[in-house]
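I am attaching a structure below and will ask some questions about it afterwards.
Where a number appears in this text, it was derived from the coordinates with a stated rule and is not lab data. Treat the numbers as computed from the prediction; the structure is a model and nothing was measured. When we count neighbours, we look across all protein chains shown, and the Cβ atoms used for this are built from the backbone with ideal geometry, even at glycine.
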């Protein structure tokens, strides 16, 4: 698996361009903004986007969807429980000057355990609500893309509409149950591992303390 990270927008969202190392088929995760930067990476490496996957639908993760979908015909994928948040984000962004058609409807909705594949690499969807109702992680081998569910040393906020602290705590427990060498690619900030977060992230350490 080849992972290319492009930091976009005013909130420094990590947009990931993911390819199988045997193919040019590509997964775009969270194209938050600056579609020209994302497209430049795609064109420079001769990639073929198949899916645009949203780990969740807050505005800072979605604003480059239309340009990329128009350019490559990739299918837009999100969790079925995230559509209401997506519609609210669309309304919010239209008030900022975006157009209605800047936010296409999802081509596919996914749920817990569904599979998305590119080349010989498959990603299992983990439904990890808490930051938003339809937040997801994508898990493949020893790699996990967490969106805003988990950051290095922190977690996603739960005070926005649809946030739920108890559901997020449950989602963190699921991540903690993964192999400790699992590499974590977050929605903001640097990459990390399950082992590091269990030893340094106060929210994860709180979960460990409760299990004892």
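Quick check for you: which residues of the range 57-97 have the amide N under 13 Å from the point 7 Å beyond the Cα of residue 10 toward its beta carbon?
What the label zone holds, given the 13 Å backbone N cut-off, is 59-60, 93, 96-97.
Could you tell me how many degrees, from 0 to 90 and to the nearest 10, lie between the Cα long axis of helix 83-95 and the main elongation axis, the longest principal axis, of the Cα atoms of the chain?
The angle comes out at about 60 degrees.
On C-alpha positions alone, give me the angle between the axis of helix 35-44 and the longest principal axis of the chain, in degrees, nearest 10.
Here the helix axis deviates by roughly 80 degrees.
Gaussian network model of the chain, Cα springs within a sub-10 Å range: biggest mean-square fluctuation belongs to which of 31, 129, 104?
Highest fluctuation of the listed residues: 104.
When semi-axes √(5λ) of the Cα gyration tensor in Å is calculated directly from the model, which label among [x] 26, 20, 15; [y] 27, 24, 15; [z] 30, 22, 16 fits?
Calculated semi-axes √(5λ) of the Cα gyration tensor in Å: the matching label is [x].
If each residue of separation counts as 0.36 nm, what is the full-extension length gain between residue 120 and residue 157 once their alpha-carbon separation is subtracted?
Stretched fully, the residue 120-residue 157 segment lengthens by 9.9 nm.
Once the Cβ-Cβ distance between residue 87 and residue 169 is put in as r, and R0 is 35 Å, what FRET efficiency do you end up with, to the nearest 0.05?
With R0 = 35 Å, the Cβ-Cβ based efficiency is 0.85.
Under a plain spin-label model, where a point goes 7 Å from the Cα along Cα-to-Cβ, how far apart in nm are residue 190 and residue 94?
For the pair residue 190/residue 94, the computed spacing is 4.2 nm.
Using only Cα atoms, tell me the angle between helix 202-211 and the longest principal axis of the chain; keep it within 0 to 90° and round to the nearest 10.
50
Of the candidates 67, 191, 161, which one comes out as most mobile in a Gaussian network treatment of the chain with C-alpha springs shorter than 10 Å?
Result: 161 has the largest fluctuation of those listed.
From the helices alone, meaning DSSP H stretches of at least four residues, give me the mean residue ellipticity at 222 nm for the chain, per-run term -39500 (n - 2.57), in deg cm²/dmol to the nearest 500.
Helix-only estimate at 222 nm: -8500 deg cm²/dmol.
Between 53, 62, 77, find the one with the highest GNM mean-square fluctuation for the chain; connect C-alpha pairs within less than 10 Å.
The residue with the greatest mean-square fluctuation here is 77.
Quick one: the Cα spread of the range 124-174 along its three principal axes, in angstroms, biggest first?
Computed over the range 124-174, the largest-to-smallest principal extents equal 32, 22, 16 Å.
What's the long-distance tail for the range 14-74, i.e. % of Cα pairs beyond 13 Å?
Roughly 55 percent, once rounded to a whole number.
Taking only C-alpha pairs under 8 Å that are 6+ residues apart, what is the relative contact order of the chain in percent?
Relative CO of the chain lands at 15 percent.
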